[in-house]
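This report concerns only the one structure given below.
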Amino acid sequence: MTADPSPWCLDWPVSGEGRVGRAVLKVSPETFFVDEDLGLPGFPEECGADQRQGGGEHLCLRLEKCGDNTDYVARQLADLAGCRAHEVGVCGLKDRHAVTRQWFSIQRPGREAEDVDFVATVAERWPVLACHRFNRKLRRGDHRGNRFRITLVAVEGDRAAIESALNLVAREGCPNYFGRQRFGHNGGNLDRAIADAKKGHRPQRRRGHGNRQKAGLYLSAARSWLFNAVLAERVRQGNWHQRLPGEPDPERPTGPLWGDGGTRATEVQETLERQVVAAMPELEAVFAASRMSPERRPLVLLPGQLEWQWPSVSELTLTFHLQAGQYATALIGNVFELQDASGLAASG
């Protein structure tokens with residue numbers, strides 16, 4: 001990945017034989033396609049734009065967008081619906097430098113008779129692929145995952161080595177890093193998290209919904225960076241695939257999503273995690289009074305149905321499925337040094 005003029009490490013060690021090629025990402029939105037896989041119990045797998053099925057006070061719309069990020073679309077839907085911003089729900093954030101399909105929920109109790117006209121109004125802005133009434137708001141992380149179709153251009157490197165590296169990722173996975181965009185430009189979200197902690201700010205005490213959202217974003221960036229730092233050390237030690245003594249998850253190796261009290265790990269694993277985090281005392285201090293419970297995140301990203309084809313000698317199209325919260329750039333960046341043509345860190 002490209003280097004940043006930042007005091008924060010935003011480029012993490014990879015697994016396997018290292019990055020074996022170079023490529024350019026996002027030369028146009030059409031080369032980065034994301035299709036949200038909702039998979040929500042009680043929600044139909046397939047429904048069309050003219051099938052207003054189900055019941056409930058939330059109207060759910062599956063939209064296709066290009067050039068707009070998720071927060072912007074959600075705000076616009078709230079304006080069109082005449083509701084408050086927090087009454088619009090989404091499962092995940094999707095990049096504007098891409099073609100994306102995802103669900104939005106809008107709280108509209110008792111207004112079922114107006115659905116046809118409202119959907120038609122929305123369709124003037126974005127294609128409406130499906131709609132459905134549901135009994136609750138869609139929340140972050142509700143979705144099962146995302147399907148990706150990504151075309152890399154200006155690909156350099158030995159084709160056999162690239163395909164060998166991709167086969168290894170398909171079989172064994174790669175480190176489940178948070179994407180660089182999580183941390184803001186040059187790690188700015190991390191700087192803000194530290195600054196807020198020094199001022200004694202807590203997300204729940206800041207006035208205004210927008211301020212609380214930003215404070216939560218900075219706190220999330222801080223725990224994501226600490227997770228990446230621990231995972232990077234596990235990659236260096238060669239044990240990121242293994243459960244160490246003190247692993248709290250009975251089935252898989254995980255890393256810490258830091259909180260008040262630090263980590264839920266014990267024994268060898270707790271010692272390792274606390275040593276890594278102690279090297280960044282200002283970031284660790286962010287969680288001293290956060291009231292956030294420590295959580296865990298899998299260390300291994302194992303893609304589903306990873307396939308690829310070469311449209312030309314210098315183009316490579318990848319298709320795969322990732323679980324919610326996993327980043328496409330963590331997978332691709334494990335094989336390639338990436339240049340992002342959009343000028344931003346790419347999302348997944």
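The values are calculated or read from the model by the stated rules, or taken from the named source; none is laboratory data. Predicted, not measured: the structure shown is a model, and the values here were computed from it. Virtual Cβ from ideal backbone geometry, glycine too; neighbours counted across all protein chains shown. Ligands, DNA and RNA are excluded from the accessible area calculation, which covers all protein heavy atoms including side chains. Shrake-Rupley method; radii C 1.70, N 1.55, O 1.52, S 1.80 Å.
Here are the numbers:
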item: Qualifying positions in region 155-171 - part of a helix (DSSP H, G or I) and either crowded, with 23+ Cβ neighbours inside 10 Å or in contact with a strand residue (DSSP E or B) (Cβ under 8 Å, 6 or more places away or on another chain) (or both); result: 159, 161, 162, 163, 165, 166, 169, 170
item: Top-ranked residue of region 261-309 - restricted to ones that are of a type in the set (S, T, N, Q) and buried (at least 18 other Cβ atoms within 10 Å of the Cβ), ranked as modelled with the lowest pLDDT; result: 290
item: Output for region 183-197, where each listed residue is in contact (Cβ under 8 Å) with a residue 60 or more places away in the chain and surrounded by 21 or more Cβ atoms within 10 Å (Cβ to Cβ); result: 183, 190, 193, 197
item: Residue 317 vs. criteria of a type outside the set (Lys, Arg), open to solvent by less than 30 Å² (accessible area, probe 1.4 Å) and touching a Ser or Thr at 6+ places or on another chain (Cβ under 6 Å); result: yes
item: Answer from 146, 135 - the residue that is of a type outside the set (Phe, Trp, Tyr) and surrounded by 14 or more Cβ atoms within 10 Å (Cβ to Cβ); result: 146
item: Residue within region 100-108 that is closer than 21 Å to residue 37 by Cα, open to solvent by 10 Å² or more (accessible area, probe 1.4 Å) and in contact (Cβ under 8 Å) with a residue 24 or more places away in the chain present; result: yes
item: Sole residue being closer than 19 Å to residue 164 by Cα, assigned to a strand (DSSP E or B), open to solvent by less than 50 Å² (accessible area, probe 1.4 Å) and in contact with a helix residue (DSSP H, G or I) (Cβ under 8 Å, 6 or more places away or on another chain), chosen from 331, 338; result: 338
item: Test result for residue 244, surrounded by 16 or more Cβ atoms within 10 Å (Cβ to Cβ) and outside any loop (DSSP other than H, G, I, E, B); result: no
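Conditions tested, residue by residue: (1) at pLDDT below 75; (2) under 17 Å from residue 90 (Cα atoms); (3) assigned to a strand (DSSP E or B).
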position	(1), (2), (3)
27	no, no, no
36	no, yes, yes
42	no, yes, no
51	yes, no, no
55	no, no, no
